[in-house]
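Down below is the structure, laid out as structure tokens.
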Amino acid sequence: MSKKLLIVIIVQLFVILFFLGILVGKKMNNQNSRKSDTENIVADGTSEEEKRSEIVEDTEDTEQSVQTEENVTVDRDVDYGAMDVPEPTTDDWLYAKGNKIFDKDGNEVWLTGVNWFGYNTGTNTFDGLWASDLNQSIQEIANHGFNIIRIPISAELILSWSKGEYPDANFNQATNDYLVGMDSLQIFEYVMGQCRANGLKLIIDIHSAETNASGHTVNLWYTDRISTNDYLASLSWMADRYKDDDTILVYDLKNEPHGKPYEGTGAAKWDNSKDANNWKYVAEQAANAVLDKNPNVLVFVEGIEIYPTDIKKNGDFSSTDEKDYYFNWWGGNLRGVADNPVNLGKHQDKLVYSPHDYGPTVYEQPWFQGDYNYDSLMADCWEDNWFYIYEKELAPLHIGEWGGFMTEPNITWMTYMRQLIKKYRLHHTFWCFNANSGDTGGLVLDDFTTWDEEKYSFVKEVLWSDNGKFIGLDHEIPLGINGVSLGDYYK
């Protein structure tokens, strides 16, 4: 072999080894980048997320801010893969007493959650999975301190499942390749498992009778295609199927029953009759459909839209004159509880009332006209529509939906609502996680992955926390990487 040829071979080998070194280095960096980019865990165990913000520790009568501890213990790394799923348990059931909710040991709990819709729209899973990774989203909801997710779903989808029919779930099959081959029910149960692994609990919300992105605009719990009996059957089937799994802690019986006076029997009413459109009567039936199968879960009963100003003259809702009624948000009028409270008999300790409340960007209600403040909102809307239930200790309150854009005129109202929630530790689920909520926006941006830090910081003040740790509702499993289990909190 000539000397020149030997030199050429040596140079080529050197170049090959050089580029192999670069490729190996890039591979190692890529393997570590997802953890470091998403969580930024530093050597002492402190996350940049924790350093940026404050957790609020609430009391009954004051608003007291407590700075988050600088050193937050992180129990596991974040890689957003599927987590090992623990076996279902039955020791996390809750009950109501007075205006509070307690665990099995009599410890008070605080439900501070978020809404994530899609099972009601035709997506047949969570909206946003066309862009985001399901495992990552679930983990980040838990990591951000929400301890329960309210899942809007249609009665029609549940009925399909009960018949062995499984509409396709729509999701990005590249991003969520681990879901490929699962039907919509299997994906739902996969969600339950991953929520359980992250210390998250669930509220099943019958958001609409039929599967439709606009299904919530339908006044009642039945349509020409889905009867009241179908609606009740859907609740019964769900309660029976998951009766041995306390991942589902609550059934929100029907989202926002409503209707205006001119709609007559097509509008939801609240009285002591057995009329088909009497939500109070049907809510009792719906609660029994659930509790007959699983007597351990809580049931949420929302309000309606209108209520008579004079029960003696118009107690049957026969008037079609708007002047004869008090109006409120859909699902937000619970004046009827004062005259005809929901009666669940031996299961009364499972009842929670759940009004919805929004700001002027959704609709400029009369109480928003001119100057308004916390006291005027209480006097003109909250007190008589639902807050009296809390004051009189008739039942706990859960604000099932509240939220909106971080701009005026909405932010003023939202600040007062947060003040109310904080002062009285009202249970709540913020609307919403979804970026595609047209009149409110969401906690994440259009990619369904990047969090709106301004909005999250606002809501974070009314998430259950103590000494820099979020409090979960599972007695054994911590809430995400920044939380503790209920058992550890009360240890």
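Derivation of every value follows stated rules applied to the coordinates shown; laboratory data play no part. Remember, predicted model here, so these are calculated numbers, not experimental data. Because the Cβ atoms are built from the backbone with ideal geometry, glycine has one as well, and the counts that use them run over all protein chains shown.
Here are a few things to note about the model shown:
- Net charge over other residues, Cβ less than 12 angstrom from the Cβ of Val85 (K, R count +1; D, E count -1): -3
- Estimated distance in nm for a label pair at Ser273 and Gln419, the labels positioned 7 Å out from Cα along Cα-to-Cβ: 4.1
- A simple spin-label model places pseudo-atoms 7 Å from Cα toward Cβ; at Ser214 and Glu393 they are separated by 4.7 nm.
- Order of Ser354, Ser236 under a 10 Å beta carbon neighbour criterion, fewest first: Ser236, Ser354
- Each DSSP beta bridge with both residues in segment 76-489 is either parallel or antiparallel, and the antiparallel ones are about 30%.
- Cα shape, segment 338-491, gyration tensor, a/c 1.5 rule: oblate
- Our note on the geometry: Cα centres of segment 365-383 and segment 203-276, 30 Å apart.
- Spatial separation of Cα centroids for segment 119-142 and segment 434-491, in angstrom: 16
- Inter-label distance, nm, simple model (7 Å from Cα along the C-beta direction), Ala174/Gln369: 5.3
- Here the contact order of segment 202-262, divided by its residue count and restricted to Cα pairs under 8 Å and six or more residues apart, works out to 53 percent.
- Contour minus Cα-Cα distance for Phe102 and Tyr326 (0.36 nm per residue): 77.3 nm
- On the basis of the beta-carbon distance and an R0 of 41 Å, Asp446 and Ser376 show a calculated FRET efficiency of 0.70.
- For chymotrypsin sites (Phe, Trp or Tyr not before Pro), the sites in segment 304-387 that DSSP calls loop and that have at most 12 other Cβ atoms within 10 Å are Tyr363.
- Cross-link pairs Lys422/Lys469; Lys97/Lys269; Lys350/Lys422; Lys254/Lys312; Lys350/Lys392; Lys97/Lys491 - those with Cα-Cα distance over 20 Å: Lys97/Lys269; Lys350/Lys422; Lys254/Lys312; Lys97/Lys491
- Cleavage-rule hits, trypsin sites (Lys or Arg not before Pro), segment 180-275, DSSP coil, Cβ neighbours within 10 Å at most 12: Arg225, Lys274
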